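Student: I'd like to ask you about the structure that follows.
The values are calculated or read from the model by the stated rules, or taken from the named source; none is laboratory data. Bear in mind the structure is a predicted one, so any value in this text is a computation, not a measurement. Positions of Cβ are generated from backbone atoms using ideal geometry, with glycine treated the same way; all protein chains shown enter the neighbour counts.
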């Protein structure tokens, strides 16, 4: 009986302690920006994860290129125009993310005449794989 009462007191104190901690400390929850099933990810035992940042002044663009693996891009500021061969232009604005498919010719632009563009790139590849393959 004493053991049962002792266990009950411990459980009550834990519950009260947990609720006071929850009230004292705000809990941050992540916001889902993108969820997408993709093909073409690396299949080796090891993968290399890269997080890159890029800034485009008004009118800047990327070279015509491909990627060996999917690339995830998150726009921090401005608007990014992606032109993928065989598709219409896609414009992505600040606060949104998208995935560039692998093995497809593409070019990205900051079409604004006045506003800069800043973005973050997430790339998972086989180790030491070039980030992009320029097309001449």
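Student: Check whether at least one residue in segment 39-48 is in a loop (DSSP other than H, G, I, E, B), within 28 Å of residue 128 (Cβ to Cβ), within 14 Å of the chain's Cα centre (by Cα) and at pLDDT below 95, and report yes or no.
Tutor: no
Student: So, in segment 93-117, of the ones that are surrounded by fewer than 16 Cβ atoms within 10 Å (Cβ to Cβ) and outside any loop (DSSP other than H, G, I, E, B), which residue ends up nearest to the chain's Cα centre (by Cα)?
Tutor: Once the filter is applied, the top-ranked residue is 99.
Student: Quick test of your reading of the structure: residue 86 fulfils all but one of (1) touching a strand residue (DSSP E or B) at 6+ places or on another chain (Cβ under 8 Å); (2) at pLDDT below 95. Name the failing condition by number.
Tutor: Going through (1) touching a strand residue (DSSP E or B) at 6+ places or on another chain (Cβ under 8 Å); (2) at pLDDT below 95 one by one, residue 86 breaks only (1).
Student: Looking at 71, 120, 63, which one is surrounded by fewer than 16 Cβ atoms within 10 Å (Cβ to Cβ) and either closer than 14 Å to residue 34 by Cβ or in contact with a helix residue (DSSP H, G or I) (Cβ under 9 Å, 6 or more places away or on another chain) (or both)?
Tutor: Numbers: 71 fails: surrounded by fewer than 16 Cβ atoms within 10 Å (Cβ to Cβ); 63 fails: either closer than 14 Å to residue 34 by Cβ or in contact with a helix residue (DSSP H, G or I) (Cβ under 9 Å, 6 or more places away or on another chain) (or both).
Selected residue: 120, the only one of 71, 120, 63 that is surrounded by fewer than 16 Cβ atoms within 10 Å (Cβ to Cβ) and either closer than 14 Å to residue 34 by Cβ or in contact with a helix residue (DSSP H, G or I) (Cβ under 9 Å, 6 or more places away or on another chain) (or both).
Student: In addition: Identify all residues within segment 59-76 that are assigned to a strand (DSSP E or B) and either out of contact with any strand residue (DSSP E or B) (no Cβ under 7 Å at 6 or more places or on another chain) or more than 18 Å from residue 136 (Cα to Cα) (or both); write none if there are none.
Tutor: Within segment 59-76, 71, 72, 73, 74, 75, 76 qualify.
Student: Taking residue 129 as the residue in question, decide whether it is more than 16 Å from residue 53 (Cα to Cα), over 16 Å from the mean Cα position of the chain (by Cα) and in a strand (DSSP E or B).
Tutor: no
Student: Now a separate question. Which number in (1) over 19 Å from residue 134 (Cβ atoms); (2) surrounded by 15 or more Cβ atoms within 10 Å (Cβ to Cβ); (3) more than 14 Å from the chain's Cα centre (by Cα) marks the one condition that residue 87 misses?
Tutor: Tallying (1) over 19 Å from residue 134 (Cβ atoms); (2) surrounded by 15 or more Cβ atoms within 10 Å (Cβ to Cβ); (3) more than 14 Å from the chain's Cα centre (by Cα), residue 87 fails exactly one: (2).
Student: Looking at (1) more than 17 Å from residue 132 (Cβ to Cβ); (2) in contact with a strand residue (DSSP E or B) (Cβ under 9 Å, 6 or more places away or on another chain); (3) in contact (Cβ under 8 Å) with a residue 40 or more places away in the chain, can you tell me which one residue 79 breaks?
Tutor: Looking at each condition in turn, residue 79 falls short on (3).
Student: Another question, if that's okay. Please find, within segment 42-56, the residue that is nearest to residue 125 (Cα to Cα) out of those that are in contact (Cβ under 8 Å) with a residue 60 or more places away in the chain and loosely packed, with under 12 Cβ neighbours inside 10 Å. Walk me through it before giving the result.
Tutor: Taking segment 42-56 as the starting set, the residues that turn out to be in contact (Cβ under 8 Å) with a residue 60 or more places away in the chain are 42, 44, 46-56.
Cutting the leftovers down to loosely packed, with under 12 Cβ neighbours inside 10 Å gives us 44, 46, 49, 51, 53.
Numbers: 44: 9, 46: 9, 49: 7, 51: 12, 53: 17 Å.
Among them, the one singled out is 49.
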